[in-house]
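J.: Below is one structure. I have some questions about it.
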């Protein structure tokens, strides 16, 4: 077996663990019922199953995108929101909430998706010179535009106190409103996008050595960067527009996987996909059971767990950064 590729036994083990966690999560919530009653319950079919599937999809997407971004930008602190996807989506959602579009089918989500894609397109245009895309300029533009949009959102909330709670809760992430429509929209984007990243695993490894080194090894650097950034941006945009901003997943999961599996993205990406799905699923289960019948934003749970863990990983590996 090629040691540079994912170990099938690890994949099988993580998959079994994920499926077991999904089954357990479906039994937990504000209303308890026996395992024998699950398939007869409308709560299972209409609420819990789509919620569990969305948490798995979003967790997998954010982790895979985090691993890809960290290799493309050669920066271990890069996360899936660095290009302004979350800020753009938050602005779109805030405007939709202020306009009273919550009752519309995918009203908030649609506005969030459109604003996210528009923001990232603007950042790409600013950072691209000719046919070349400068990653450093891309990062700096994303950070600056994120700060600007955050200021605009704060201004809107100050002017509309009655909508402030709804906007804040959305920006902290939640699977509470997940539906089969969200799953149907998210699933093909996730499968296609993750497939693109998996296909470019070797290219991601070479990009870590720098653009010139990758080019000398036969990588079409600009094309590969553009394909990966478009695929990952679409995945993150759909994820954020469906569930809000869920922090630390794309930052912490790839780092944790690399500590165990090494730096090769042909192992990191598939392992991160499954570990990220499991991490978000567990966090969402905690978010809806810790204070039941009340519910916590899942983003607060991922941050409470992720931030200390990330600090610990930085401390343990400070010589490598």
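J.: Residues in the stretch 179-195: is at least one modelled with pLDDT of 85 or more, in a loop (DSSP other than H, G, I, E, B) and in contact with a helix residue (DSSP H, G or I) (Cβ under 7 Å, 6 or more places away or on another chain)?
T.: Within the stretch 179-195, one or more residues are modelled with pLDDT of 85 or more, in a loop (DSSP other than H, G, I, E, B) and in contact with a helix residue (DSSP H, G or I) (Cβ under 7 Å, 6 or more places away or on another chain).
J.: Search the stretch 134-163 for residues being surrounded by 16 or more Cβ atoms within 10 Å (Cβ to Cβ) and under 13 Å from residue 90 (Cα atoms), and hand back the single one that is nearest to the chain's Cα centre (by Cα).
T.: 146
J.: Can you name the residue in the stretch 212-224 that is surrounded by 17 or more Cβ atoms within 10 Å (Cβ to Cβ), at pLDDT below 85 and in a helix (DSSP H, G or I) and, of all such residues, is farthest from the chain's Cα centre (by Cα)?
T.: Ranking the qualifying residues of the stretch 212-224, first place goes to 214.
J.: Determine which member of the set 291, 286, 281 is closer than 28 Å to residue 30 by Cβ and crowded, with 20+ Cβ neighbours inside 10 Å.
T.: 281
J.: Follow-up question, since we're still on this one. Filter the stretch 242-266 down to residues that are farther than 21 Å from residue 206 by Cα and either in contact with a strand residue (DSSP E or B) (Cβ under 8 Å, 6 or more places away or on another chain) or assigned to a loop (DSSP other than H, G, I, E, B) (or both), then give me how many there are.
T.: Qualifying residue count for the region: 5.
J.: When the residues of the stretch 190-211 are filtered to those that are surrounded by 19 or more Cβ atoms within 10 Å (Cβ to Cβ) and within 17 Å of the chain's Cα centre (by Cα), which remaining residue is nearest to residue 110 (Cα to Cα)?
T.: This residue is 190.
The values are calculated or read from the model by the stated rules, or taken from the named source; none is laboratory data. Predicted model only: the values in this text are computed from it and were never measured. We place every Cβ from the backbone using ideal geometry, glycine too, and count neighbours over all the protein chains shown.
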